[in-house]
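Read the structure below first, then the notes.
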Amino acid sequence: MIHTSLATPRPHACPHGRLGRLIARELPPGLALGTSTWRPWASASFVGARHAFPCQVAVGDLEAIRRSLRARLSAVEWRLLGHIVADIAVESDDSGRGLRIEVLTVED
């Protein structure tokens, strides 16, 4: 006999903490993560979250570091239970002295 449950499956927990730990492992020397934030995100077809990770740059050419970090993070095979990394952006922050990593995750 097959038993089924009418209970709604639990959504996977937000991957923000794990994502932050994975990003921290990929940062080159001279970069340090600041206090990160996330907010829910949805489109007509997907549900997920936008994650923002500010980075402090100790020394070096900010634009070269930004390009290098973008390439490095784009090459990572992200493993997030129940979520997929849909997009990653690495931009200069508003002050022009740091970077901001933005990641869009969607539920798998």
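The values are calculated or read from the model by the stated rules, or taken from the named source; none is laboratory data. Here the structure is a predicted model, which means the values were calculated and not measured. All Cβ positions, glycine included, derive from the backbone under ideal geometry; neighbour counts span all protein chains shown. All accessible areas refer to the heavy atoms of the entire protein, side chains included, with ligands and DNA or RNA removed. Shrake-Rupley method; radii C 1.70, N 1.55, O 1.52, S 1.80 Å.
Odds and ends about this structure:
- Close pairs (7 angstrom Cβ cut-off, 6 or more residues apart or separate chains): more than 17 Å from Phe46 (Cα to Cα) in the stretch 74-103, in a loop (DSSP other than H, G, I, E, B) anywhere: Leu99/Asp93; Arg100/Asp93
- Residues of the stretch 74-108 that turn out to be open to solvent by 30 Å² or more (accessible area, probe 1.4 Å), of a type in the set (Gly, Ala, Ser) and in a strand (DSSP E or B), as a count: 2
- Residue that is modelled with the lowest pLDDT [pool: residues in the stretch 14-25 that are open to solvent by 50 Å² or more (accessible area, probe 1.4 Å) and under 18 Å from Ala86 (Cβ atoms)]: Cys14
- Qualifying residue in the stretch 45-63 (condition: in a strand (DSSP E or B), among the hydroxyl-bearing types (Ser, Thr, Tyr) and farther than 15 Å from Ala24 by Cα): no
- Selection of the stretch 57-78 for residues being more than 12 Å from Glu91 (Cα to Cα) and of a type in the set (S, T, N, Q) yields only Ser74.
- Within the stretch 43-64, residues that are under 21 Å from Gly20 (Cα atoms) reach partners that are open to solvent by 80 Å² or more (accessible area, probe 1.4 Å) with beta carbons closer than 6 Å, at six or more positions or on different chains, in the pairs Val47/Glu107; Gly48/Glu107; Ala49/Trp38; Ala49/Pro40; Arg50/Arg39; His51/Trp38; Ala52/Thr37.
- In the stretch 33-73, the residues that are open to solvent by less than 80 Å² (accessible area, probe 1.4 Å), within 15 Å of the chain's Cα centre (by Cα) and over 15 Å from Thr105 (Cβ atoms): Leu33, Gly34, Pro54, Cys55, Leu69, Ala71
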